[in-house]
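Chemist: This is the structure I have questions about; it appears just below.
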Amino acid sequence: MLQTCARWTSVIARILLMQMLDAGKHKMVLLELEPEEIQAMLEQLGFYYKIEERKRHLQMEITAIDRETPLLLFDASDPGNLGWFSRCQFYVDGISGCVLQTPIAVANMRDASGHIIPNSVKVQITKELPSEFKLPGKQLLSEEVVYKLLGNFLMALLNVGVAVCGVGPVKPLAGRTDTVGSRS
């Protein structure tokens, strides 16, 4: 009984820290993300970054400095990438750029001539989410959870791999990235 009480106290404390916006029949969770926390994480992982805080989201342009290989954003449909697919934790919708079941979205970065930069991506974190938004495992949404989620996502881009599912504006950076012609 004492453990149950302590657990509920912890849950209530986390809920009270989050802000809720009540807009008629819609309820939104407002995340108060600290750019300094994210900057420290990016620096620790060896990223060069540009962070822009906007009203409804936090946008970052990140580049893996001192990295000779592309970030591990790969085509999930290519059989040649099966090894990566079997161990990845994050999946990106190739059309919308949304990282599935997270408040994170990703996009490719391009150089002045329009070519994709293989060691750079744009990452956006939504700060206003529906109160019904569910993370994997029905985990409660909080700033702390979003920081951990972002850290795991960035580590996956560097070490494990992130799968791009579907053909759209978000293009793979690693593995076999050619999608023209037949696959063999």
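Chemist: Looking at Val121, Val145, which one is of a type in the set (A, V, I, L, M, F, W, C) and either on the phi > 0 side of the Ramachandran plot or outside any helix (DSSP H, G or I) (or both)?
Modeler: Being of a type in the set (A, V, I, L, M, F, W, C) and either on the phi > 0 side of the Ramachandran plot or outside any helix (DSSP H, G or I) (or both) holds for just one of Val121, Val145, which is Val121.
Chemist: Could you tell me which residue of the range 98-117 is farthest from Leu140 (Cα to Cα), considering only residues that are assigned to a strand (DSSP E or B) and in contact with a helix residue (DSSP H, G or I) (Cβ under 8 Å, 6 or more places away or on another chain)?
Modeler: Once the filter is applied, the top-ranked residue is Val99.
Chemist: Okay, next question. Restricting attention to the range 133-142, does a residue exist that is in contact with a Gly (Cβ under 8 Å, 6 or more places away or on another chain), at pLDDT below 95 and of a type outside the set (Gly, Ala, Ser)?
Modeler: Checked against the condition, which is being in contact with a Gly (Cβ under 8 Å, 6 or more places away or on another chain), at pLDDT below 95 and of a type outside the set (Gly, Ala, Ser), the range 133-142 yields no hits at all.
Chemist: Is at least one residue of the range 121-130 surrounded by 14 or more Cβ atoms within 10 Å (Cβ to Cβ), modelled with pLDDT of 95 or more and under 14 Å from Phe74 (Cα atoms)?
Modeler: Yes, the conditions are met somewhere in the range 121-130.
Chemist: Something else: Determine whether Leu21 is at pLDDT below 90 and farther than 20 Å from Val160 by Cβ.
Modeler: yes
The values are calculated or read from the model by the stated rules, or taken from the named source; none is laboratory data. The structure displayed is predicted, hence computed values, not measured ones. For neighbour counting, all protein chains shown are included, and Cβ atoms are generated from backbone atoms with ideal geometry for every residue, glycine included.
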